[in-house]
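Below is one structure, written out as structure tokens; comments come after it.
Just so you know, all these numbers are worked out from the coordinates, no wet-lab data involved. Just so we're clear, the structure is a prediction, and the values are computed from it rather than from any experiment. Methodologically, a virtual Cβ is constructed for each residue, glycine included, from the backbone with ideal geometry; neighbour enumeration extends over all protein chains shown.
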Ligand code: AMP
Ligand code: GLY
């Protein structure tokens with residue numbers, strides 16, 4: 001099977017390694033890819049916002065499957081453009097990707113499917129906004145309806161700030177504050193069936209002890225020894241299966257990766273958000289733990305054929321730590337030389353790197369993601385941190401507390 005994977009981040013690096021490890025994958029192309037991916041797959045230049053360019057690359061390469069990593073092309077309808085030329089795609093249609101592209105749309109589907117989530121109001125005028133803020137009270141949760149590259153959500157006790165954020169959004173979802181630990185739980189769907197993956201936890205704030213600004217994610221780990229034992233079954237029954245059934249009933253089946261961001265509240269699980277693609281950096285801990293051959297799995301999802309598939313997992317723990325450029329997320333300083341140690345017992349995923357002459361240079365906010373695997377979280381953590389300490393990159397930082405509490409049994 002020839003595969004084209006679209007994207008260039010740490011998530012795509014992890015997916016590319018997973019796809020290549022499946023012997024069913026005979027040829028792997030990645031566009032635009034990154035220097036880490038270029039070490040083992042053929043990379044092609046591509047503007048991921050150009051649907052026609054994605055379809056024409058898939059056609060000229062004669063691939064059997066296209067896997068679309070990031071949300072922007074999915075929300076733009078890239079999957080529809082590729083399906084229109086008869087090539088199977090792992091990734092939802094434009095209509096189904098609205099689960100990530102519009103928070104108001106996601107709320108409507110959850111309501112119709114009976115999926116537990118925060119009570120909310122969708123507002124377009126100042127008077128609606130004021131009424132919604134006052135009806136919930138502090139802490140205020142204010143969400144830009146559309147894709148906002150991680151900058152759309154404000155959670156604050158400051159009513160002025162909440163109002164200010166709400167007023168700059170064209171359409172805004174204001175909702176009840178959910179109290180409880182957050183987890184990420186993904187399902188792989190063929191449009192009718194959905195296979196729940198193992199849960200992971202992401203660390204969204206920039207600095208230790210969950211301080212600092214929200215980021216795309218500074219690290220992750222899996223499994224979650226502290227989570228309720230039935231969390232996977234519970235999420236399947238209450239969230240993943242009803243969402244897939246509702247999307248199918250609407251005539252817009254969801255084919256691809258449904259990312260459920262959940263709060264574990266004292267009243268049970270509540271959906272915080274959906275994404276229409278693999279999470280980054282959760283993918284960098286889930287793919288190394290997944291035993292089920294990835295290329296075959298994603299091909300079967302893309303061709304409505306998951307009836308007989310079960311997911312198998314390695315009995316190992318994984319911890320990933322992001323090495324970020326100083327100033328991330330607001331204004332990352334890029335352009336520094338990266339020196340990566342060799343012969344480490346970890347996997348180093350490239351996220352924001354580029355090659356200049358023969359040097360590897362930082363080119364993004366999140367530069368590398370380093371995953372350690374171990375018999376428990378402590379061993380996995382020790383490996384990830386001992387590697388990250390040896391990577392040389394000026395003007396960089398990382399969190400030192402990824403998976404720390406969980407590894408200590410907290
Ligand atoms: P998002 O950009 O949708 O991932 O949201 C960013 C973060 O805002 C989430 O990871 C949560 O920590 C927080 N958040 C979103 N919705 C709520 C809510 N209803 N209650 C509490 N925290 C929330
Ligand atoms: N890790 C959060 C995300 O992928 O959106």
Within the stretch 165-190, find all residues whose amide N lies under 16 Å from a label point positioned 7 Å from the Cα of residue 119 along Cα-to-beta-carbon.
174-179
Under a plain spin-label model, where a point goes 7 Å from the Cα along Cα-to-Cβ, how far apart in nm are residue 333 and residue 21?
3.6 nm
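Stretch residue 177-residue 85 to full length: gain in nm at 0.36 nm per residue minus the Cα-Cα span?
Numbers: separation 92, 0.36 × 92 = 33.12 nm, distance 4.42 nm.
Additional length available on full extension: 28.7 nm.
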Can you tell me the Rg and the Dmax, both Å, for the Cα atoms in the chain?
20.4, 60
Most exposed to least, judged by fewest other Cβ atoms within 10 Å, 386, 8, 102, 375 sort to 375, 386, 102, 8
How many angstrom lie between the Cα centre of the stretch 86-165 and the Cα centre of the stretch 22-68?
33 Å
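Fewest Cβ neighbours within 10 Å first, please rank 322, 6 accordingly. Intermediate values should be presented prior to the final figure.
Working: 322 31, 6 28.
Ordered from fewest to most neighbouring Cβ atoms within 10 Å, 322, 6 come out as 6, 322.
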Pull out the extension gain between residue 309 and residue 56, defined as 0.36 nm times the separation in residues minus the alpha carbon to alpha carbon distance; nm, one decimal.
88.0 nm
Report the paramagnetic label zone for residue 211: residues of the stretch 381-409 whose backbone N is under 14 Å from a point 7 Å from Cα along the Cα-to-Cβ axis.
399-401
For residue 291 paired with residue 345, estimate the spin-label separation in nm (one decimal), with each label point 7 Å from Cα along the Cα-to-Cβ line.
2.1 nm
Using just the helices of the chain, give the 222 nm mean residue ellipticity in deg cm²/dmol: DSSP H runs with n ≥ 4 each add -39,500 (n - 2.57), and the total is spread over all residues, rounded to 500.
-8000 deg cm²/dmol
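Can you tell me how much longer the chain between residue 266 and residue 226 gets when fully stretched, taken as 0.36 nm per residue apart minus their C-alpha distance, in nm with one decimal?
12.9 nm
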Show me the three semi-axes of the equivalent ellipsoid for the stretch 126-247, from the C-alpha gyration tensor (sqrt of 5 times each eigenvalue), largest first, rounded to whole Å.
29, 20, 14
